[in-house]
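Colleague: Structure in structure tokens, see below.
The values are calculated or read from the model by the stated rules, or taken from the named source; none is laboratory data. Quick caveat, the model's predicted, so the values are computed rather than measured. We place every Cβ from the backbone using ideal geometry, glycine too, and count neighbours over all the protein chains shown.
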């Protein structure tokens, strides 16, 4: 592990660096990135969404298929492979987690596969994972980590899970004002609400623990969204967080699993290039205003007026609720799987590139995972530190 004076994050009794790499799909955080973060003693996270795109043999079997069962099966095989490869890279250090969106249609199957394949933790966002304890009951050693944005969601999860004799092993508190991808607010106009501020949610959550009589359980709170400096890490830890989570900063590292063009789009984006819009999942989302997104946003209102049910464009109904497929006018009207797949491959003209709102630790530079973690932990110009 890298050395730091900061207090470790402890999950399931295991001391870890207080740095968590967020899950990013499609395929942006796969085995190479997650394994590299875990190998240094942090929490590395694989996103479970459509991982077949990293496996040529699985794509050969399914790319032109519209057989939902075949595509779903291929993605479970890919998830198993990615977890095992990440664990090999980590060599028993850190934790390898799997991020699974509650909004995906195959949520339950992905949770079960992640546990069966030996992941150390299951992280769930984009919805309330009220049933996660039941889905993972055969795997009590797997840490359960919900992603939430305010104390109301945290309270719902705690009370529901407590009735089943389970508590989260950690909670990610994601601030929608700064985070990338799908945001924990119902509407775009809610994203900047003061109730999502870290200081507010951390204080209210610690008070909730006391109210529920579980403060002695020491559930770690992980602050996510906009973290880009050692000073911020220290500040959040002083407010009651046990660790921080970063997505975009890890996506642009040398070990990130996406194409180099993907990394350049995120790293070189300026403040005015970053936009918040409605995703097909029915949640606000944040990304870079690339040619496709610029064109889409110009037509969005017209497309929403014409919204109506239609067949899934990629044939496997990746989302439980899809604005395009289900004709939901308030949601986005595009195929999110196809657009994220273009981005993964580095197709700047056609891809959807999710990104957080804040400056990155190294600006437009692409550095290693080791350098990023060392900088966040110690505030030094990154250097080769002894493992």
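Colleague: Between 13, 22, 41, which is under 18 Å from the mean Cα position of the chain (by Cα) and assigned by TED's automatic domain parsing to the domain that holds residue 111?
Modeller: It is 22.
Colleague: Taking the stretch 180-238, which residues are crowded, with 20+ Cβ neighbours inside 10 Å, assigned to a helix (DSSP H, G or I) and in contact (Cβ under 8 Å) with a residue 60 or more places away in the chain?
Modeller: 233
Colleague: Those residues that are part of a loop (DSSP other than H, G, I, E, B), surrounded by 20 or more Cβ atoms within 10 Å (Cβ to Cβ) and in contact with a strand residue (DSSP E or B) (Cβ under 8 Å, 6 or more places away or on another chain), I need them from the stretch 294-323; list them, please.
Modeller: Selection gives 318 alone.
Colleague: While we're here: What about residue 129, is it under 19 Å from residue 43 (Cα atoms) and either outside any helix (DSSP H, G or I) or in contact (Cβ under 8 Å) with a residue 24 or more places away in the chain (or both)?
Modeller: Spelling it out, it is not the case that residue 129 is under 19 Å from residue 43 (Cα atoms) and either outside any helix (DSSP H, G or I) or in contact (Cβ under 8 Å) with a residue 24 or more places away in the chain (or both).
Colleague: What is the residue count in the stretch 2-34 for residues that are more than 15 Å from residue 245 (Cα to Cα), touching a strand residue (DSSP E or B) at 6+ places or on another chain (Cβ under 8 Å) and either at pLDDT below 95 or outside any helix (DSSP H, G or I) (or both)?
Modeller: Qualifying residue count for the region: 8.
Colleague: Still on this structure, I have one more. Going by what's in this entry, would residue 362 be described as surrounded by fewer than 22 Cβ atoms within 10 Å (Cβ to Cβ), over 26 Å from residue 183 (Cα atoms), under 22 Å from the mean Cα position of the chain (by Cα) and at pLDDT 95 or above?
Modeller: Answer is no for this residue.
Colleague: Considering 176, 140, which residue is out of contact with any strand residue (DSSP E or B) (no Cβ under 6 Å at 6 or more places or on another chain), within 26 Å of residue 336 (Cβ to Cβ) and part of a loop (DSSP other than H, G, I, E, B)?
Modeller: Numbers: 140 fails: within 26 Å of residue 336 (Cβ to Cβ).
Only one candidate qualifies: 176.
Colleague: If residue 103 satisfies all but one of (1) in contact with a strand residue (DSSP E or B) (Cβ under 6 Å, 6 or more places away or on another chain); (2) closer than 23 Å to residue 228 by Cβ, what's the number of the condition it fails?
Modeller: The number of the failed condition is (2).
Colleague: Okay, moving on. Is it the case that the stretch 84-102 has a residue that's surrounded by fewer than 21 Cβ atoms within 10 Å (Cβ to Cβ), assigned by TED's automatic domain parsing to the domain that holds residue 159 and closer than 23 Å to residue 175 by Cβ?
Modeller: Within the stretch 84-102, one or more residues are surrounded by fewer than 21 Cβ atoms within 10 Å (Cβ to Cβ), assigned by TED's automatic domain parsing to the domain that holds residue 159 and closer than 23 Å to residue 175 by Cβ.
Colleague: Can you tell me how many residues within the stretch 242-293 are without any contact (Cβ under 8 Å) to a residue 60 or more places away in the chain, more than 17 Å from residue 358 (Cα to Cα) and part of a strand (DSSP E or B)?
Modeller: Here the count works out to 0.
Colleague: In the list 109, 69, 56, 103, which residue meets the criterion of being free of Cβ contacts under 8 Å to residues at least 40 places away in the same chain, out of contact with any helix residue (DSSP H, G or I) (no Cβ under 6 Å at 6 or more places or on another chain) and within 20 Å of residue 28 (Cα to Cα)?
Modeller: 56 is the lone residue from the list that is free of Cβ contacts under 8 Å to residues at least 40 places away in the same chain, out of contact with any helix residue (DSSP H, G or I) (no Cβ under 6 Å at 6 or more places or on another chain) and within 20 Å of residue 28 (Cα to Cα).
Colleague: Spot the failing condition for residue 93; the list is (1) in contact (Cβ under 8 Å) with a residue 60 or more places away in the chain; (2) not in a loop (DSSP other than H, G, I, E, B), and only one is missed.
Modeller: Condition (2) is where residue 93 drops out.
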